1. Could you tell me which of A:Ser115, B:His40, B:Phe27 has its Cα farthest along the dipole of the protein assembly as shown towards the positive end, charges placed at Cβ (Lys, Arg +1; Asp, Glu -1), taken about the Cα centre?
2. Just want to confirm a number: the relative contact order over chain A, from Cα pairs under 8 angstrom separated by 6+ residues, in percent.
3. Quick check: the angle from helix A:104-113's long axis to the longest principal axis of chain A, C-alpha only, nearest 10 degrees?
4. Counting only heavy atoms of protein chains, what accessible area per residue, in Å², does chain B have with a probe of 1.4 Å?
5. Rounded, prolate or oblate: which fits the stretch A:1-59 when a ≥ b ≥ c are the square roots of the eigenvalues of the alpha-carbon gyration tensor, with rounded for a/c under 1.5 and prolate only if a/b beats b/c?
6. Quick check: from the Cα gyration tensor, does the stretch B:86-136 come out rounded (a/c under 1.5), prolate or oblate?
7. Find the centroid of the Cα atoms in the stretch B:79-99 and in the stretch B:1-58, then give the distance between the two in whole Å.
8. Of the heavy-atom accessible surface of the stretch A:2-80 (probe 1.4 angstrom), what whole percent is carbon and sulfur?
2 protein chains.
Amino acid sequence: MTRDISDILKTNGFKITSTRLAILKVFSSDCKPINAEYIHDKLKKEKVNIVTIYRTLISFENAGIIKRVDMQKDSVYYELAGHHHHHIICTDCGMVESFDGCDLDNLSKEVLKSSNNFSLINKHSLELFGLCKKCCKN
Amino acid sequence: MTRDISDILKTNGFKITSTRLAILKVFSSDCKPINAEYIHDKLKKEKVNIVTIYRTLISFENAGIIKRVDMQKDSVYYELAGHHHHHIICTDCGMVESFDGCDLDNLSKEVLKSSNNFSLINKHSLELFGLCKKCCKN
DNA sequence: ATATTAAATGCAAATAGGTTGCAATTGTGG
DNA sequence: CCACAATTGCAACCTATTTGCATTTAATAT
């Protein structure tokens, strides 16, 4: 487990530090998009400086270990890049559920075919917003 | 034209001011997602305070006149809410093209059916990212 | 094991994007 | 054209994030 995590660092050419291991552990234990402050809170015993967290997030994103998620919030949320999926987000309480099978490759091909200006699509963002059962009752 | 625009304001219960007309005119002449600073630049002759622009954007969004677009940038982008569509965005030069026919209502239904926790989906964000023909040559 | 060194971290300060309080101005119904 | 609430501008503030620089530390060579 910690083995897997330090392998992630090693294969990406990062030095293995307790801070980075801890940040990765937060990502893999909480299976939802999180932001710098959330990580900072989770690691408050470890007294990790928030600047370090921001810097780590940037380098993890560049390495493709994590990726941004559009949560329509005021700060940047990330999650492990692992396998491709998307989210439903409750606009009331923030609850998040994920789903696979977006089948946007087809759409991308169609769009590309009928576009005069674009020649490559390599990424997409897709999030659904709504209300969870609990919040819907209000 | 200016008539149409002031009607938008009137039907939404806004007072008709030159600032608001000017902001709406920027939206309708530039058919792409724009942010507060872009509007501020376009209206620099008119010397509109940027705070006013921020406030106007918020009230237009609340009224449903404009809506947010996820551009994966550091500021909030909006466009006229008009008809439903999405974008392809060049991650190199920022060029934007739009397309219709996302057919996410089907996907939403499927997702909702197989979700234990959600009972309503009323919004989605979908953007494609890639390279335009010009940038692809580099 | 130890020295070396580039990478990683912490701290303080700066920046960027956006918001708030309040006083001055202005559009609009009566 | 009067009254008044809505709108705007200005200054100050706030939150999220970045930068500069000095210090520490993991990894490598010895």
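The values are calculated or read from the model by the stated rules, or taken from the named source; none is laboratory data. This is a predicted model, so every value here is computed, not measured. In this analysis, Cβ positions are derived from the backbone assuming ideal geometry, glycine residues included, and neighbour counts consider all displayed protein chains. These area figures cover heavy atoms from the full protein model, side chains too; ligands, DNA and RNA do not enter into them. Shrake-Rupley method; radii C 1.70, N 1.55, O 1.52, S 1.80 Å.
1. B:His40
2. Relative contact order of chain A: 18 percent.
3. Value to nearest ten degrees: 50.
4. With the other protein chains kept in place, chain B gives 58 Å² per residue.
5. Taking the square roots of the gyration eigenvalues as a ≥ b ≥ c, the stretch A:1-59 is prolate.
6. prolate
7. Going from one Cα centre to the other spans 19 Å.
8. 51
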